[in-house]
Amino acid sequence: MLIIAVLLTLMAAVAVAVAVQRNLFSVVVLGGIYSFLMATVLVALDAVDVAMTEASVGAGISTVLLLGALYLCGGGEAKPLARPWLPLAVALVIAGALAYGTLGLPAFSDPQAPIHTHVVPRYLSAALAETGVPNVVTAVLASYRGYDTLGETTVVFTAGVGVIALLRRIGRRKKPGRGQ
Amino acid sequence: MFGAAAVAVLATLVLALVRAVLGPTVFDRVLAGNTVGTLAVLLLATIGFVVERPEFLDLAIVYGVLNVVGTIAVLKFFRYGDLGE
């Protein structure tokens with residue numbers, strides 16, 4: 001699909017700009033642009049729920065949180081001391097391996113792909129009888145993968161508690177003599 | 001017709017991105033970011049009609065709301081130096 005190809009190319013250009021740019025405020029804005037493009041690609045691929053998450057978390061919340069981080073630690077990125085050739089080479093090799101891996105994937109939305117023939121028919125036919133949940137997606141997330149979801153929720157909760165604890169300490173220290 | 005509109009929106013998207021990547025000042029980038037958000041809304045709406053699922057319009061409206069939140073946060077940060085209390 002032409003739209004997706006163009007959008008992915010633009011996302012690659014934005015990613016390069018994020019890596020090159022030294023003004024972190026601009027990087028935050030470019031990151032928001034990247035998330036909006038990603039969300040549009042996801043909608044074009046018919047993954048509407050994931051696109052909503054990407055748009056609200058990536059373009060909305062992340063922008064606000066990163067701006068908060070900029071307020072705490074300043075907006076300039078120091079030039080690297082040495083040219084990072086080795087990390088660049090490693091990243092390029094991994095990118096090449098991933099691109100090579102996509103050649104072995106089944107065609108997009110192929111009904112005979114393994115992911116659609118392995119457990120999905122079982123979910124679709126037996127989810128209501130086994131879990132009593134009428135929505136199959138909810139049944140998979142909350143029942144078949146219940147422990148997985150519980151672990152994810154624990155991780156998110158712990159991260160939230162950590163962030164709140166850090167920000168509260170900084171806020172208390174800043175209160176008496178505000179402005180440096 | 002909607003296909004042509006989608007292509008036109010994509011071309012505009014490219015121009016906005018050029019400004020976001022090159023843009024000498026931060027304001028160019030903020031404005032380009034806001035424009036990209038608006039164009040994402042337009043693109044969603046046109047994609048919805050191209051693939052004949054007009055309910056994409058509702059998603060486009062949600063995107064528009066999110067875009068406002070992001071831009072206000074960025075501009076508030078720039079005006080006051082923090083996100084305010």
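Each reported figure results from applying straightforward, stated rules to the coordinates on display, with no laboratory input. Note that the structure is a prediction, hence the values are computed from the model and not measured. With ideal geometry, Cβ positions are generated from the backbone for all residues, glycine too; neighbour counts draw on all protein chains shown.
Points worth noting:
- Binned Cα-Cα distances of the range B:2-80, short to long, each 10 Å bin given as a whole percent: 20, 42, 29, 9, 1
- Across the range A:57-180, the relative contact order, built from alpha-carbon pairs under 8 Å that are at least six residues apart, equals 7 percent.
- Fewest neighbouring Cβ atoms within 10 Å first, the residues A:F36, A:F25 line up as A:F25, A:F36.
- Exposure proxy ranking, count of Cβ atoms within 10 Å, fewest first, for A:Y71, A:Y34: A:Y71, A:Y34
- Among B:71-80, A:114-123, sorting by the average number of other beta carbon atoms lying within 10 angstrom of each residue, highest first, gives B:71-80, A:114-123.
- Shape call, the range A:1-77: gyration tensor on alpha carbons, a/c limit 1.5: oblate
- Shape of the range A:65-105 from the C-alpha gyration tensor: oblate (a/c of 1.5 or more and a/b not above b/c, with a ≥ b ≥ c the square roots of its eigenvalues).
- Crossing angle, helix B:2-22 versus chain B [Cα axis fit, 0-90 degrees, rounded to tens]: 20 degrees
- Highest GNM mean-square fluctuation among A:L88, A:L67, A:L45, for chain A modelled with Cα contacts below 10 Å: A:L88.
- Counting Cβ atoms of other protein chains within 10 Å of each Cβ in A:58-66 and taking the mean gives 5.
- Shielding by partners - mean other protein chain Cβ count within 10 Å, residues of A:153-164: 0
- Candidates B:L59, B:L13, B:L22: whichever shows maximal mean-square fluctuation once chain B is modelled as a Gaussian network with Cα springs under 10 Å: B:L22
- The mean count of C-beta atoms from other chains within 10 Å of the C-beta of residues in B:71-80, rounded to a whole number, is 4.
- The residues A:S35, A:S143, when put in order of fewest to most other Cβ atoms within 10 Å, stand as A:S143, A:S35.
- Gaussian network model of chain A, Cα within-10 Å springs - most flexible of A:L124, A:L86, A:L37: A:L86
- Taking the three principal axes of the alpha carbon atoms in the protein assembly as shown, the coordinate ranges are 64, 47, 43 Å, sorted in descending order.
- Rounded to 10°, Cα long-axis angle of helix A:146-174 versus longest principal axis of chain A: 10 degrees
- The charge dipole of the protein assembly as shown, taken about its Cα centre with unit charges on the Cβ atoms of Lys, Arg (+1), Asp and Glu (-1) only, comes to about 1500 debye.
- The angle between the Cα long axis of helix A:62-73 and the main principal axis of chain A comes to about 30°, on a 0 to 90 degree scale.
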